[in-house]
Amino acid sequence: MDFSMIFTVCSALLLLSSSSANAQTASPPSLSPTPAPAPAPDFVNLTDLLTVAGPFHTFLGYLQSTKVIDTFQNQANNTEEGVTIFVPKDSAFSAQKKPSLSNLTEDQLKSLILFHGLPHYYSLAEFRNLSLQNPIPTFAGGQYSLNFTDVSGTIHIGSGWTNTKVSSSVHSSDPVAVYQVDKLLLPEAIFGTDIPPTPAPAPTPDIAPVADAPSAVSDGKVAPSSEPKPSSSDRIINWGIFIQIVLAISGGFLF
């Protein structure tokens, strides 16, 4: 009985020691490297871009106050279509007298700012074909559309109230295009269709032709000569010289 117990204990010890040895000699399992996370896309921050790119502080202020900046930024970051924005300079706002923006409601002002964006990225080269598809819808939707014309490579924009052109490219890299314009884009959906006519350019002043010098004969009459007439003293002197010459000649014959 004691012998069987001793044999059992020894067998258990041998099994434990062999398991421990096998555990120590067994090679650790190989682990495959974890792949690095994909880099975050390089988004264009529209607020930073418009802050440093040019004199666009007034337009940027409207973008932020109407929350349209969030609409444009979301379109740039989270869609495959991209965004195209037409940005008026500060001088365009100061020059805008009629119609005035101060009478617009909050909804109208937001629609006006949305009217300056297209829900698609367009390079300058693409506007040539885009002009064949007029009118082009904007972010404001509905009746808020723009007409484009390519004139020898210069992009002209018409909105009913406004005729302007793209004066420079601020940023153009898919998915964001930002173009500078010289005037605000004013939609007929807000300001109506009673558009005042464009004032005609000031006429060039007529310059009177230089009068021709009077001819010697006009209508059969002899025009008075402009040469000065000899005075009486000149005639007396001339007669005195003539008499002296005659006397000198006569004296020569006498002698």
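Bear in mind that the values in this text are calculations on the coordinates, not laboratory data. Treat the numbers as computed from the prediction; the structure is a model and nothing was measured. For neighbour counting, all protein chains shown are included, and Cβ atoms are generated from backbone atoms with ideal geometry for every residue, glycine included.
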- Message: Suppose the chain between D182 and A53 were pulled fully straight at 0.36 nm per residue; how much longer would it get relative to their current alpha carbon spacing?
- Response: 44.9 nm
- Contour excess over end-to-end distance, with Cα ends at L132 and S173 and 0.36 nm allotted per residue: 12.4 nm
- If r is the Cβ-Cβ distance from N45 to T193 and R0 is 45 Å, what FRET efficiency results, to the nearest 0.05? 0.75
- Message: Once R0 is set to 25 Å, what does the formula 1/(1 + (r/R0)^6) return for the Cβ-Cβ distance between H156 and E80, expressed as a FRET efficiency to the nearest 0.05?
- Response: 0.30
- Task: Report the label-to-label distance for N103 and S91 in nanometres (one decimal), using points 7 Å from each Cα along the Cα→Cβ vector.
- Result: 2.8
